[in-house]
Amino acid sequence: MIRSLLFVPGNSPAMLQNADIHRADALILDLEDAVAAKEKDSARALVKRAIMALRFGGLPLIIRVNPPGSPYLEDDLSAMVPLAPNYVMPTKVAGAEDIRKISARIAEIEAAHGMKAGSVGLVPLIESALGVENAFLIASSDSRVQGMLLGAEDLAFDLGAPRSKAGQEILYARGRIVVAARAAGISAYDTPFTDVNDAAGLEADALFARSLGFDGKAAISPRHVEAINQAFSPTEAEIRYAREVMAAIQKGEEAGLGVVSLHGKMVDKPIVERAQRVLAAALQPGLEGEDE
């Protein structure tokens, strides 16, 4: 379960060295927007050394690479894939063909380095109108695709819409990403909240994203990680109710009942599956037994 994904600039030795102390569920080591063109080679070398030397607390590693058509993408893939990161994050993905080409190149690199085929997954970054419209095609384009992240800043620019904290301009895109991800059986991750000083705004934005069905949310500041983790974790009340659901189902099965009710409401399959999902999420470190 990945609730929080923390962006870490690939050209910052200090941030790379301390990336795992902020309690994010995954790290996105950034070779794209955080790195100026003249620093691409040095950032790539720095990230490579960091991966080889640091354990990063055993956290899942995602490498954000430069976009299709970029002169930097091939060097990014050639340098990063042999290090066996958990995922590569292609940027500015507009369609399924972008993913297929990148996946094919990753397969070549895996084979050349004796790696297990398919060992490196993909988490495409969707940040254009065309990418949003092609979201399901992208999500279902290749077995490497394990999740999708919405990039709202570039998307708002592409739409010609002012970027706002309320996020009305990205509401359709958020829904489209979640539906596409669910239809393809992968995870959906929400865009970062960019005001590092607005704690209340971050909390509201993260809770809203969860209510839409997102699995987690990216962060550009370590200060946002804790609030994101909390927003995407089940509450004590949710855990308690999930346990009541499973207990009612067990009692019903023991009694040979075909229909079970709880608090006057029929417990059907979606309710049971939601309860199972909540209890699985409650196993995330720091949540076990909170309501006891």
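Residues being of a type in the set (A, V, I, L, M, F, W, C) and closer than 20 Å to R274 by Cα: count how many of those fall in segment 207-228.
Qualifying residue count, segment 207-228: 5.
Can you tell me which residue among L202, L149 is under 16 Å from the mean Cα position of the chain (by Cα) and surrounded by 22 or more Cβ atoms within 10 Å (Cβ to Cβ)?
It is L149.
Got a number for residues in segment 275-292 being surrounded by 12 or more Cβ atoms within 10 Å (Cβ to Cβ) and modelled with pLDDT of 80 or more?
Within segment 275-292, residues that are surrounded by 12 or more Cβ atoms within 10 Å (Cβ to Cβ) and modelled with pLDDT of 80 or more number 8.
Quick one: which residue in F7, F56 is modelled with pLDDT under 95, of a type outside the set (G, A, S) and either assigned by TED's automatic domain parsing to the domain that holds E203 or buried (at least 17 other Cβ atoms within 10 Å of the Cβ) (or both)?
Sole residue among the options that is modelled with pLDDT under 95, of a type outside the set (G, A, S) and either assigned by TED's automatic domain parsing to the domain that holds E203 or buried (at least 17 other Cβ atoms within 10 Å of the Cβ) (or both): F56.
For segment 212-235, does any single residue satisfy the condition of being assigned to a helix (DSSP H, G or I) and at pLDDT below 90?
Within segment 212-235, none of the residues are assigned to a helix (DSSP H, G or I) and at pLDDT below 90.
Out of the residues in segment 1-14 meeting the condition of being over 13 Å from G216 (Cα atoms) and in a strand (DSSP E or B), tell me which one is farthest from the chain's Cα centre (by Cα). Full working, then the answer.
Of all residues in segment 1-14, those over 13 Å from G216 (Cα atoms) come to 7-14.
Okay, now just the ones that are also in a strand (DSSP E or B), so 7-9.
Working: F7: 11, V8: 14, P9: 17 Å.
Ranking the qualifying residues of segment 1-14, first place goes to P9.
Criterion first (surrounded by fewer than 20 Cβ atoms within 10 Å (Cβ to Cβ), of a type outside the set (D, E, K, R), within 20 Å of A26 (Cβ to Cβ) and at pLDDT 95 or above) does G175 satisfy it?
It is false that G175 is surrounded by fewer than 20 Cβ atoms within 10 Å (Cβ to Cβ), of a type outside the set (D, E, K, R), within 20 Å of A26 (Cβ to Cβ) and at pLDDT 95 or above.
How many of the residues in segment 175-191 are in a helix (DSSP H, G or I) and either within 9 Å of the chain's Cα centre (by Cα) or closer than 17 Å to G95 by Cα (or both)?
Count: 8.
Determine if segment 247-267 includes at least one residue that is surrounded by 19 or more Cβ atoms within 10 Å (Cβ to Cβ) and either out of contact with any strand residue (DSSP E or B) (no Cβ under 8 Å at 6 or more places or on another chain) or under 30 Å from I170 (Cβ atoms) (or both).
Looking through segment 247-267, none of the residues is surrounded by 19 or more Cβ atoms within 10 Å (Cβ to Cβ) and either out of contact with any strand residue (DSSP E or B) (no Cβ under 8 Å at 6 or more places or on another chain) or under 30 Å from I170 (Cβ atoms) (or both).
Identify, please: which residue in segment 216-244 is in contact with a strand residue (DSSP E or B) (Cβ under 7 Å, 6 or more places away or on another chain) and surrounded by fewer than 22 Cβ atoms within 10 Å (Cβ to Cβ) and is, among those, nearest to F193 (Cα to Cα)?
Among those residues, the one meeting the criterion is I220.
Would you say V81 is outside any helix (DSSP H, G or I) and assigned by TED's automatic domain parsing to the domain that holds V8?
Here the answer is no, as V81 does not meet what is asked.
Is it fair to say V93 is assigned to a loop (DSSP other than H, G, I, E, B), among the hydrophobic types (A, V, I, L, M, F, W, C), under 17 Å from the mean Cα position of the chain (by Cα) and at negative phi?
yes
Yes or no, residue by residue, for (1) more than 17 Å from the chain's Cα centre (by Cα); (2) part of a helix (DSSP H, G or I); (3) crowded, with 17+ Cβ neighbours inside 10 Å:
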site: L16; (1), (2), (3): yes, yes, yes
site: V35; (1), (2), (3): yes, no, yes
site: R44; (1), (2), (3): yes, yes, yes
site: I62; (1), (2), (3): no, no, yes
site: E74; (1), (2), (3): yes, yes, no
site: E97; (1), (2), (3): yes, yes, no
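Checking the conditions here, which among K116, K165 is in a loop (DSSP other than H, G, I, E, B), closer than 21 Å to I62 by Cβ and either of a type in the set (K, R) or modelled with pLDDT under 95 (or both)?
After applying the criteria, what remains is K116.
The values are calculated or read from the model by the stated rules, or taken from the named source; none is laboratory data. Quick caveat: nothing in here was measured; it's all calculated off a predicted structure. All Cβ positions, even for glycine, are placed from backbone atoms using ideal geometry, and neighbour counts span all protein chains on display.
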